[in-house]
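Okay, so here's the structure we're looking at.
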Amino acid sequence: ILREIFAEDCEWRTRGYALLLGQEASFSGREALAKGASEIAASIILQSWHHFSPVEVDLSHDMKSANVRWYLWEVAKQHGNSPGEFVTNVTGGWYDGQSIATDNGWKIQDLTLDMKFTGPAPANWLYP
């Protein structure tokens, strides 16, 4: 769904993601990012709700690139440690990145998801 907002040669990485998934993630290129995000969705994060704050944009003087930042709150239903066990976590952090102006509009060139905390959500926070 979000593939087209990324540049073809984009870089996407995490800091602190090990809090949620047990390891960091990094993808080079739009297709690798789409594939990796799909694999995470299919195998680890079964359901999630992302809430983003308004994006802070700092345009370069030549108006061809911009530094961007926005906060993230996420509630995610994930597989637990035992078969058939599920856990729901609340996670917070922010995205830091650079966007570039292209002939096809603005694209994210480089993006880091900086996770700052995660913890158990109240029971039944997400649909069963």
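The values are calculated or read from the model by the stated rules, or taken from the named source; none is laboratory data. From a predicted model like this one, the values you see are computed outputs, not experimental measurements. A quick note on method: Cβ atoms are made from the backbone with ideal geometry, for glycine too, and the neighbour counts reach across all protein chains shown. Heavy atoms of the whole protein, side chains included, go into the accessibility calculation; ligands, DNA and RNA do not. Shrake-Rupley method; radii C 1.70, N 1.55, O 1.52, S 1.80 Å.
A few comments on the model shown:
- Selection status of SER65, more than 17 Å from the chain's Cα centre (by Cα) and surrounded by fewer than 13 Cβ atoms within 10 Å (Cβ to Cβ): no
- The residue that is modelled with the highest pLDDT, counting only those in the range 1-50 that are among the hydrophobic types (A, V, I, L, M, F, W, C) and open to solvent by 60 Å² or more (accessible area, probe 1.4 Å), is ILE5.
- PRO54 at pLDDT 90 or above, more than 14 Å from the chain's Cα centre (by Cα) and open to solvent by 80 Å² or more (accessible area, probe 1.4 Å): yes
One line per residue, one yes/no per condition, for (1) touching a strand residue (DSSP E or B) at 6+ places or on another chain (Cβ under 9 Å); (2) of a type in the set (Lys, Arg); (3) touching a residue at least 12 places away in the same chain (Cβ under 8 Å); (4) surrounded by fewer than 18 Cβ atoms within 10 Å (Cβ to Cβ):
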site	(1), (2), (3), (4)
HIS79	yes, no, yes, yes
PRO83	no, no, no, yes
VAL87	yes, no, yes, yes
THR91	yes, no, yes, no
SER99	yes, no, yes, no
GLY105	no, no, no, yes
ASP110	yes, no, yes, no
MET115	yes, no, yes, no
THR118	yes, no, yes, no
